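In what follows, a structure is listed as structure tokens, so that the remarks can point back to it.
Derivation of every value follows stated rules applied to the coordinates shown; laboratory data play no part. Just so you know, these numbers come straight off a predicted model, no measurement behind them. Cβ atoms come from the backbone with ideal geometry, glycine included; neighbour counts cover every protein chain shown.
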Amino acid sequence: MKPLEDILVVDLSQFLSGPSASLKLADLGARVIKIERPEIGDICRTLYVSNVKMNDDSTVFHAINRNKESFVANLKDEEDCSRIKKLIEKADVVIHNFRPGVIDRLGLDYKTVSKLNPKIVYGEISGYGPEGPWKDKPGQDLLLQSLSGLTWLSGNEHDGPVPMGLAIVDIISGAHLVQGILAALVRKSITGKGAKVAVSMLESILDFQFETITTYYADGGQPTVRTNSNNAHAYLGAPYGIYKTKDGYLALAMGQIPVLGELLGCEQLTTYQDINSWFDQRNEIKEVLSEYLATDTSQKWLSILEPADIWCADVMDWERLMKTEAYQVLNMEQEVKMGDGFKFKTTRCPIRIDGEILLSSKGTPGLGEHTKNIELEFNL
């Protein structure tokens, strides 16, 4: 039995942040009923990250909305909204990610919903919080990366701002919402009281940077400075970075520069005995490393560094990674099946409970696929 079985989630959210949260709850055993607009559905059905389409919907939608049921309702229609309220009366959790004010106009704000169901755990994600001059800005991932300072941490010194190649703000916000919802469910099990759990994307991505922002507070607000080359962390000294080798790339984490020099046979590195120099002179140290590591293969350097317990790794793409025994032993892949028989491969929940992998063969719902059955089941 999965830990959240018998928990009913009514998911009013769309795009990525809210649906990513309800996906995590579903994988932990919750029943998630996704509320979608008639005809159009979640706009993420047509939000493409590439030209790849699966069974008439985007790969993004399939990846983030599997293991759910779809119920069609127009929340601006009084009769449809009344049906959703009846469903919420029987739910344990409600999730939405509308801009501030929208949910109030729909009559599904926390004050209203908690009167219908005092034990409800009500989760919401906004872009910038309910107040302040930015509250009505669009809560889109790239925009939040850009506003939050995150884009000045990746890339090299002269690259300009570099965004992460994933919807990191959406995913982190969803994860934070799940944490809050689970905490509220624990409290509910003890006290019987519901709760409102609120997360903003801006707060989530600021918390994601807690290490570097704490350093920024402590050093008097000094500007972020990335290394000229091989930057992997703007606040760490050499050798931290990724280096080109004769046939690929090598990642080096924290390490003692003179020890690296001795192991690699690079005499020039052995001269940096002062720990402070590993940061103050990190540009020139990385330049020396770059030139030296390019003279031989990744495997040659790994064969020297790994036995010496130096933190290093080959740099792989998905094709190479998925051929390794280390990947295969994880059983990270699962095949899911939609109601119409369409099957596709995706990743599984990364959590194990009592040693058991959490799998679900339930695929993505077709638009409104479960509406009639849900109406009958809950007498809507």
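Tabulated data
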| item | result |
| --- | --- |
| Restricting region 287-380 to trypsin sites (Lys or Arg not before Pro) in coil, as DSSP defines it, with at most 12 other Cβ within 10 Å | Lys323 |
| At 1.306 mPa s and 10 °C, Stokes diffusion of the chain via Kirkwood alpha-carbon radius, µm² per second | 67 µm²/s |
| Cα gyration tensor category, rounded, prolate or oblate, for region 241-321 with a/c compared to 1.5 | prolate |
| Listed peptides 9-15, 304-310, 174-180 by packing density, highest first (mean Cβ within 10 Å) | 9-15, 174-180, 304-310 |
| Local electrostatic count, Leu23, Cβ distance below 12 Å [Lys/Arg +1, Asp/Glu -1] | +3 |
| Region 20-155 shape via C-alpha gyration tensor axes, a/c threshold 1.5 | oblate |
| Calculated [θ] (222 nm, deg cm²/dmol) that DSSP helices of n ≥ 4 give over the chain, each run adding -39,500 (n - 2.57) | -10000 deg cm²/dmol |
| Note, ³J(HN,Hα) from phi for region 204-211, Karplus 6.51, -1.76, 1.60, rounded to Hz, x at Gly and Pro | 5, 6, 5, 5, 4, 9, 4, 5 |
| Cross-link reach list, lysines versus Lys286, counting only Cα pairs under 22 Å and skipping chain neighbours closer than eight places | Lys244, Lys246, Lys300 |
| Lysines with Cα under 17 Å of Lys362, excluding same-chain neighbours fewer than 8 positions away | Lys2, Lys24, Lys34, Lys68, Lys337, Lys343, Lys345 |
| Candidates Ile120, Ile43, Ile88: whichever shows maximal mean-square fluctuation once the chain is modelled as a Gaussian network with Cα springs under 10 Å | Ile43 |
